[in-house]
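What follows is a set of notes on a single structure, which appears directly below.
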Amino acid sequence: MKTLVILLVTALLVLSCQTQKESTPSPSPIHRALDSLASVQKESYKLPGLAVGIIKDDSIIYAKGFGVRSLNSQDAITTKSVFHMASVSKPFAATAIMQLVEKGKIDLDKPLVAYLSYFKMNDSRYKDITIRQMLNHTSGIADVEDYEWDNPQYDAAAAEKYIRQFSADSLDFAPGTSYDYSNAAFDILADVIAKVSGSTFEDYMKKHIFEPAGMINSTFYKPDVPEELATKPHVLGPTFKMEESSIYPYNRIHAPSSTLQSNVEDMMKWAQLYLNKGKIKGKQLFNESSYEQLINPQVSIGNKDSICLSWFSRSLGDYKKYEHNGGDDGFKAHFAFLPEKSMAIVVMTNGDYFPSWISADTFLELVLDEKPLLPWAIPIHLKLSEHILTDGVEECKEIYFHEKENNPEQYLFMPWCLVEFKYWLLDRNYQEEALAIEKFSEELNNMGE
């Protein structure tokens, strides 16, 4: 009892502190377990920063930041720190489309050219592309090859200029006949929203989603992010050490697919909005019928998974889960919600090569099952990358076999680990080492490993 009193008093003192930068939930066993899991994940991937938010039954049960916004400045991550959310942007764009459907300004099954008469492709089938197909990745529009993060556009005319660049392109398949993830299809929707609403995509999102939802630090326009809240992208350098990137993944032409900037506090409001089927703070931002359309499975993509209107429908144990992952140079993010459990999570980091979707699932499972701590296996190539340049390939082989025999639960030994490691090496011009790792991978395969 004495220990409990001390813990409660400590919690109250912390909450009353005027300089405290983020809320600190009471130190329950589950909270301590979540702290431990977050710390293990951050350290195992050597992430600069990690932020996690979890909501259940309309209450935030966990919200915390770990690490730093930049390895160069060492400013601490808090729940207010703003991250690049990459493809977590897409459900926001889809939600805006449904708002405009409600207003009679867009029909999901009308062709794209009904809204953008100047959209053309070097393929007559482009006239058949519908808004619905763009939202469920069945449009046939090829994915983006170069995001031009190193040559970003910022002007308000960027969306229309981008649309006009498709005139020389062909479709990958006839609209509606197949599924293939397309960032470009979502990027085109920026101009659709702009033309039917009479404002830029970014301004529409601010006025009709962010402001009414109370998401005060969220934006699709990177220059609007306060410097004191911004996180910096970090990538694996030439020696496999995490370092701050000189290039930020922002380009206005990719706004709907990729440029959402947000933080834990705001994403918890986004969670409330979806868990309450379009309603927040007494305001109905989109109708329940729109919510149902947004999460209605459109196309099966295997393993009992489906694509909805932007959302991916998957399962976590016995529960249906709707989610979107995000990843661009220097950032990884994931958002998911489970309507049956009135539960949602956001995970965001300013470091490369982090499986944010797996991270989110482990947090959710921990809360659902109330286990003290879930195992968190690290891909073996993260450890090998610490040794290959100094100790060589042969030493890496010995480490591989030693860890597999002695620490089989600590590391992942899946075939893709060595395949990814090979590409890490190739990307950094370590040709000889890459070939040796490829050969080692083949040897393991022949051994049945």
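Any read-out appearing in this document is the output of simple, stated calculations on the displayed coordinates, not a laboratory observation. Being a predicted model, the structure only gives us computed values, none of them experimental. Don't worry about glycine lacking a Cβ; one is built from the backbone with ideal geometry, like all the others, and counts go over all protein chains shown.
A helix-only calculation puts the chain at -11000 deg cm²/dmol for mean residue ellipticity at 222 nm, using -39500 (n - 2.57) for each DSSP H run of at least four residues, averaged over all residues. Dipole of the chain computed with +1 at Lys/Arg Cβ and -1 at Asp/Glu Cβ about the Cα centre; of 327, 135, 45, farthest Cα towards the positive end is 135. Close amide H contacts of residue 86 (hydrogens built in the peptide plane, cut-off under 5 Å, sequence separation of 5 or more or a different chain): 260. For the range 378-446, pairs of C-alpha atoms spaced more than 19 angstrom apart make up 22 percent of the total. Rounded, prolate or oblate for the range 77-196? Axes are the square roots of the Cα gyration tensor eigenvalues, ordered a ≥ b ≥ c, and the cut-off for rounded is a/c under 1.5. It comes out prolate by the Cα gyration axes.
Averaging over all projection directions, the Cα-based convex hull of the range 241-353 occupies 9.1 nm² in the image plane.
Count the lysine pairs in the range 47-197 whose Cα atoms sit under 13 Å apart, keeping only pairs 8 or more residues apart in sequence or on different chains. Here the count comes out as 4. Convex hull volume per residue, computed on the Cα atoms of the range 87-369, equals 138 Å³. Once the mean 1/r over all distinct Cα pairs of the range 98-154 is inverted, what Kirkwood radius in angstroms do you read off? Mean inverse Cα-Cα distance, inverted, gives 13.1 Å. Here the mean projected area of the convex hull built on the C-alpha positions of the range 331-449 is 9.1 nm².
Overall, the chain carries a charge dipole of about 1920 debye about its Cα centre when +1 sits on the Cβ of Lys and Arg and -1 on the Cβ of Asp and Glu, all other atoms neutral.
In terms of packing, defined here as the mean over residues of other Cβ atoms within 10 angstrom, the peptides 202-211, 396-405, 82-91, 439-448 line up highest first as 82-91, 202-211, 396-405, 439-448. Across the alpha-carbon set of the range 128-280, the Rg to Rh ratio works out to 0.99, Rh being the Kirkwood radius. Here's the picture: charge each Lys and Arg Cβ at +1 and each Asp and Glu Cβ at -1 in the chain, and of 317, 226, 301 the one pushed furthest to the positive end of that dipole is 226.
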